[in-house]
Amino acid sequence: MEFTRSAKTTALALVATVGLIAQVQTAQADTETLTVAGGCFWCVESDFESVDGVKEAISGFTGGKVANPTYKQVVRGGTGHYEAVQITFDPNIVSRDEILSNFFRSVDPTDAGGQFCDRGQSYATAIFAEGPDQKAAAEKAKVQAASDLGQKVVTHILGSFPFYAADASHQDYYKGSKIVLTRFGPKKQSKAYKAYRNACGRDQRIEKLWGTAAPFLGH
């Protein structure tokens, strides 16, 4: 009797463990990560964290040849990295195609020299595709963006590279409460972000380019 009870308990525990593993695997399968470069990563992070179905957006660097680069190294140039954002989303809520469409309509994909007031290769637009499915989707979205604009789109479609998260001071900058010193004087991070975005002309250029198709004006 004791042996039977023990065997039953073991079997139930095994079933529970298998069920837990299946749940974890299902949860993992229900997310996808897409890495994009769209100029200032504060802005891209702010934009995509507002999208229903996006689980997380992380600011960082990718596409370069230097391991663990610092912010100063990247913006100074020479590392080959782009300011980029890793977007993790639930494709059951928001599709890859929607993410890509929103990305193109949140940047100036006709500008090869940077984005808005931020100039240089590290601020250029790019999509870092993981695998043939993401690459095909990115190419399709690029063609559609060019068709909608009636202009050449210069956004690079690249393969995947190691992604290095920026330090904590750059994460969620758009909603930070820390007081920082800016060219506009001391400001709370969230206010400094708004001042920078407006002064850089990001939304003004995007609205002129995309009009009502622009999804994130004012973010």
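Per the conditions (1) under 14 Å from the mean Cα position of the chain (by Cα); (2) more than 27 Å from VAL75 (Cβ to Cβ), the sole criterion not satisfied by PHE128 is (2). Cβ-Cβ contacts under 7 Å between residues 6 or more apart (or on different chains), taken from a first residue in the range 193-219 that is more than 17 Å from ASP111 (Cα to Cα) to a second residue that is among the β-branched types (Val, Ile, Thr), are listed as ALA195/THR182; LEU217/ILE206. Would you point out the residue of the range 57-79, among those that are closer than 20 Å to ALA126 by Cβ and of a type in the set (D, E, K, R), that is modelled with the lowest pLDDT? Result: ARG76. Examine the range 42-53 for a residue that is surrounded by fewer than 18 Cβ atoms within 10 Å (Cβ to Cβ) and touching a Phe, Trp or Tyr at 6+ places or on another chain (Cβ under 6 Å), and state whether such a residue exists. There is at least one residue in the range 42-53 that is surrounded by fewer than 18 Cβ atoms within 10 Å (Cβ to Cβ) and touching a Phe, Trp or Tyr at 6+ places or on another chain (Cβ under 6 Å). If the condition is being surrounded by fewer than 22 Cβ atoms within 10 Å (Cβ to Cβ) and among the aliphatic types (A, V, I, L, M), then the range 57-71 contributes ILE58, VAL66, ALA67. Restricting attention to the range 199-212, does a residue exist that is surrounded by fewer than 18 Cβ atoms within 10 Å (Cβ to Cβ), modelled with pLDDT of 95 or more and within 19 Å of the chain's Cα centre (by Cα)? Checking the range 199-212: not a single residue is surrounded by fewer than 18 Cβ atoms within 10 Å (Cβ to Cβ), modelled with pLDDT of 95 or more and within 19 Å of the chain's Cα centre (by Cα).
The values are calculated or read from the model by the stated rules, or taken from the named source; none is laboratory data. Here the structure is a predicted model, which means the values were calculated and not measured. Neighbour counts are summed over all protein chains in view; Cβ atoms, including those assigned to glycine, are modelled from backbone coordinates with ideal geometry.
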